[in-house]
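S.K.: Okay, handing you the structure first.
Values in this text are rule-based calculations from the coordinates and carry no lab data. These numbers were taken from a predicted model, which means no experiment stands behind them. As a convention, Cβ positions derive from the backbone with ideal geometry for all residues, glycine included, and neighbour counts pool all protein chains shown.
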Amino acid sequence: MTIDDAFNRTAAYYDEWIRRAVPAYDALFTVALELIPFSPDTAVEVLDLGAGTGLFSRQVLERCPNGRFVLWDVAERMLDTARERFRAYPEQFRYVADDYRNLPETGSFDLVISSLSIHHLADDEKRALFRRVFQVLREPGMFLNIDLIKGPSPYLEEIYCADWYEKMRRAGAPEEEIRAGIERRNAYDRDALMEDQLRWLAEAGFGDVDCVYRNYKTGLFLALKGRFRN
Ligand SMILES: C[S@@+](CC[C@H](N)C(=O)[O-])C[C@H]1O[C@@H](n2cnc3c(N)ncnc32)[C@H](O)[C@@H]1O
C-alpha cells in the first residue's frame, strides 16, 4: 500500500484519532503558534506540507486570520476534509494534491509549516526537502516543523516508544488502535535523530535553527531564513 492509500483510509476518523495518538499534541502546537513572528493583520503566505485534514493550518488561521494558505498533501481524501473545513474561505485556501518532493524550486512564502509528516521520507529526501523549503521561503521567513524524533540509541528508542504507547492507552486508545498505529509506523515511518535534523536545516541555509520543544519522540523544529526584527 502506498502512503496516500494509507492516509486516505484514515481520513474519516483522523481528527479524533490523532490527538490520542500523539503525546504532548497540544503543547507542540501551542508553542508553534507562540513563535509566529507576524502581526495578526498581515496577509502572510503560508505553505502547509503534508497538511492532511488541515489541523495545523486551522490553528495558524486563528493566529493569522488574513493568511493565504497552500495545503499540500499526497492523500486526496485528507485534503477533501480540509476543503470542507475551510469552505468559508475560498479566497484564502488553495490545495495541491501531490507529493511534496515535487515542490517547485522557487516560491514566495513567509511561513512554511509541517506537522507529523516529514518523518515518512528517507533521510536524503528529508535533506532535499529542507533545501527546497529554504528556496521557497522569502527572507525573512520561518519554517516550523513538528515531527517525530528517533531515540539516540536502541535502548532509549525503546523507552520512548513504550512511553508513547502507554500515553496512548491512558488517553483512551483501544489496543486495536495502538496495534494498527505500530503496524503503520513499522511500514511508513523513518524517524531521524534530532541532531541530524538540526544539521540538515543548517546545511540547507537556515541561520537560526533549534528544536524548541521536545517530548520524548516528538519535537518542534524552528528554522529561520534571515532575521525578523524584535
Ligand atoms: C500524520 S498525517 C499529518 C497531517 C497534518 N499535518 C496533521 O498534523 O494533522 C501525515 C500526512 O502527510 C502526508 N504525506 C506523507 N508523505 C507525503 C509526501 N511525500 N508528500 C505529500 N504529503 C505526504 C500524508 O498523506 C498525511 O496526510
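S.K.: Which value in deg cm²/dmol, rounded to the nearest 500, describes the helix-derived mean residue ellipticity at 222 nm for the chain, given -39,500 (n - 2.57) per DSSP H run of n ≥ 4 and division by the residue count?
M.R.: Value at 222 nm, helices only, nearest 500: -13000 deg cm²/dmol.
S.K.: To the nearest 20 debye, what charge dipole does region 151-230 have about its Cα centre, counting +1 at the Cβ of each Lys and Arg and -1 at the Cβ of each Asp and Glu?
M.R.: 420 debye
S.K.: Now, a different point. Can you tell me which of 44-57, 88-101 comes out highest on packing, and rank the rest after it, using the mean Cβ neighbours within 10 Å?
M.R.: Output ranking for 44-57, 88-101: 44-57, 88-101.
S.K.: Which lysines, if any, have their Cα less than 26 Å from the Cα of LYS126, not counting same-chain residues under 8 positions apart?
M.R.: Excluding near neighbours in sequence, the set is LYS150, LYS217, LYS225.
S.K.: Placing unit charges on C-beta atoms (Lys and Arg positive, Asp and Glu negative, everything else neutral), compute the dipole magnitude of region 7-59 about its Cα centre in debye, rounded to 20.
M.R.: The calculated dipole for region 7-59 is roughly 300 debye.
S.K.: Just want to confirm a number: the relative contact order over region 56-171, from Cα pairs under 8 angstrom separated by 6+ residues, in percent.
M.R.: 22 percent
S.K.: Please work out the Cα center distance from region 7-68 to region 101-147, rounded to the nearest Å.
M.R.: 15 Å
S.K.: Write down the Å³ per residue value for the convex hull defined by the alpha carbon atoms of region 116-230.
M.R.: Spread over its residues, the Cα hull of region 116-230 gives 111 Å³ apiece.
S.K.: GLN135 to ALA162: extension gain in nm, 0.36 nm per residue of separation minus the Cα-Cα distance?
M.R.: 5.9 nm
S.K.: Treating the Cα atoms of the chain as identical point scatterers in vacuum, please give the log10 of the normalised Debye intensity I(q)/I(0) at q = 0.13, 0.16, 0.17 Å⁻¹, two decimals.
M.R.: -0.75, -1.18, -1.35
S.K.: Per residue of region 150-159, what does 6.51 cos²θ - 1.76 cosθ + 1.60 with θ = phi - 60° give for ³J(HN,Hα)? Whole Hz please, x for Gly and Pro, Karplus curve as stated.
M.R.: Rounded to whole hertz, the list is 6, x, x, 8, x, 4, 5, 4, 5, 4.
S.K.: Quick check on packing: order 166-176, 72-82, 10-20 by the mean number of other C-beta atoms within 10 Å, highest mean leading. It would help to have the intermediate numbers written out before the result.
M.R.: Working: 166-176: 12.9, 72-82: 20.6, 10-20: 14.8.
Listed from highest to lowest mean packing, they are 72-82, 10-20, 166-176.
S.K.: Find the relative contact order for region 87-230 and round it to a whole percent, using C-alpha pairs within less than 8 Å whose residues are 6+ positions apart. If you can, show how the numbers build up before the last one.
M.R.: Details: 197 pairs, mean separation 43.5, N = 144.
That works out to 30 percent.
S.K.: While we're here: Between ARG170 and ALA128, what is the spin-label point distance in nm, taking each point 7 Å from the Cα along the Cα→C-beta axis?
M.R.: 4.1 nm
S.K.: Here's another thing I want to ask about it. Multiply the residue gap between ARG94 and ASP196 by 0.36 nm, knock off their C-alpha separation, and tell me the result in nm, one decimal place.
M.R.: Gain on extension, ARG94 to ASP196, equals 33.5 nm.
S.K.: Can you work out the Karplus-derived ³J(HN,Hα) for every residue in region 30-39? Use 6.51 cos²θ - 1.76 cosθ + 1.60 with θ = phi - 60°, whole Hz, and x for glycine or proline.
M.R.: 4, 5, 4, 5, 4, 7, 5, x, 8, 6
S.K.: What spacing in nm lies between the two simple spin-label points modelled at ASP26 and ARG63, each 7 Å away from Cα in the Cβ direction?
M.R.: Those two pseudo-labels are separated by 1.7 nm.
S.K.: Please list the non-local residues whose amide H lies under 5 Å from the amide H of ARG68, H modeled 1.01 Å from N, same-chain partners needing a gap of 5 or more.
M.R.: VAL44, GLU45, VAL46
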